[in-house]
1. Antiparallel as a % of all DSSP beta bridges within the range 166-387, to the nearest 5?
2. With point charges of +1 on the Cβ of Lys and Arg and -1 on the Cβ of Asp and Glu, referenced to the Cα centre of the range 166-387, which listed residue (PRO299, PRO189, ILE216) lies farthest in the positive direction of the dipole?
3. Quick one: putting +1 on the C-beta of Lys and Arg, -1 on the C-beta of Asp and Glu, what dipole do you get for the range 231-316 around its Cα centre, in Debye to the nearest 20?
4. Listed highest first by mean packing, meaning other Cβ atoms within 10 Å per residue, what order do 113-126, 28-41 come in?
5. Take the cross-link list LYS165/LYS234; LYS31/LYS133; LYS133/LYS234; LYS249/LYS273; LYS249/LYS358 and give me the ones stretching past 26 Å between alpha-carbons.
6. Count the DSSP beta bridges whose two residues both fall in the chain, then state the antiparallel fraction as a percent rounded to the nearest 5.
7. Mind putting a number on the dipole of the chain about its Cα centre? Charges go on the C-beta only, +1 for Lys and Arg and -1 for Asp and Glu, and I need it in Debye to the nearest 20.
8. When you count, for each residue, the other Cβ atoms within 10 Å and take the mean per peptide, how do 293-299, 70-76 rank with the highest first?
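What follows draws every value from the coordinates through simple rules; no lab data is involved. Computed from a predicted structure; not experimentally measured. All Cβ positions, even for glycine, are placed from backbone atoms using ideal geometry, and neighbour counts span all protein chains on display.
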Amino acid sequence: MSADQSISWEEGGVTRSALWRSENGIRPHQKLVIGDDTLTADAAYRMACEGTAILWRGDFQNARQLLQALARRIDKPSKKSSRSKKDLNQSQLDIFNLHRLAQSQRARTLGMLLIECNADHHIELRRAPDITKACEEAYGPTQSSYLVSLRELLGVVGAHEWRKKGVLIPALSETEAFHIHPHYGVFSPIRGEYIDLVHRAPLPQVLDSHSIAFDIGVGTGILSIILASRGIAKIVATDLDRRALACAKDNIERSGFTKQIELVQTDLFPEGKAALIVCNPPWLPARPSSALEGAVYDPNSQMLIGFLSGLKEHLLPTGEAWLILSDLAEHLGLRSREQLQAWFDEAGVKVLERLDIKPQHKKAVDQTDALYSARSKEVTSLWRLSLQ
């Protein structure tokens, strides 16, 4: 996050400045102009593509419409892109890399429309909504005004709505509805297949005498709550991210399992050994382009390899490690099954069983999605591992 940096601009013959806020670490823009309701979408699009940021001083709802107009111009298929889709010689890896590049360029262009917020997170624009609560949840208190992209700001508001509404967890709703409430910057458990796997996988017998489990990378806390609901007496859940820990704490308190679950801020493993160690690492070995993508993209599979290599030191001799992993990376050419097996061998673990489930999310059946060919073959697996 770059909220400690400032951004300056000329407005009404006066040089002004404010804090610059970007959760994705985007540096303050060097070129900035003032835009209002007289600015056309075509002119705004040209400026955004050229790297000129637009500080909006018009009606807030018009700014939202302008952002949508910019998105339509970006997403309009060109003759060049149509030809590339017909290139049968493109590998899945080529398609993935082009898709990531296009998404990055899209985010950069749409991020050029800026909004100024006061120190109390209030927006001084016509028809601006009250976003105070949403910004307090995402950013915390601030001492001065700041500029932020409208796209990020709308993401903050959307995250606030998700946090209020929550995500229904069917595996925990046999008697009454249970919802997980994701915080801003913490990946939401909207893909429920991996939760179902943890809910139905057979527990190792050693838990009868050593009822302790580790949840590596706790996120919203959902897997720790699932394990606690299955009767495990002690779960130690870890994460490095303060937002994830705060989110997990909130959800664990809602679940009523606070006595069973301990939260620890650390990288991967806590001290000691456990009968069961569960990890749902990011599934794709690529560099994330935003803070939230850190839950999906793991550069060089660092977390996956770190988890496997630490099992010898932290898993009880007769215990199990559960690795929840999608094979999408294999279908995209980012990692092979042989590479995964080699990492198992290097870590000194063997496969006891693999439980599979097909994803149910919309992109798995969306034939217009750029990665449909790979997504349609995707399988999410829970690998039951033990020490060799």
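1. Of those bridges, close to 45 percent are antiparallel.
2. PRO189
3. Roughly 180 debye, rounded to the nearest 20.
4. Ranking, from highest mean packing down: 113-126, 28-41.
5. Over 26 Å Cα-Cα: LYS165/LYS234; LYS31/LYS133; LYS133/LYS234; LYS249/LYS358.
6. Around 50 percent antiparallel, to the nearest 5.
7. Its charge dipole is roughly 1120 debye.
8. 293-299, 70-76
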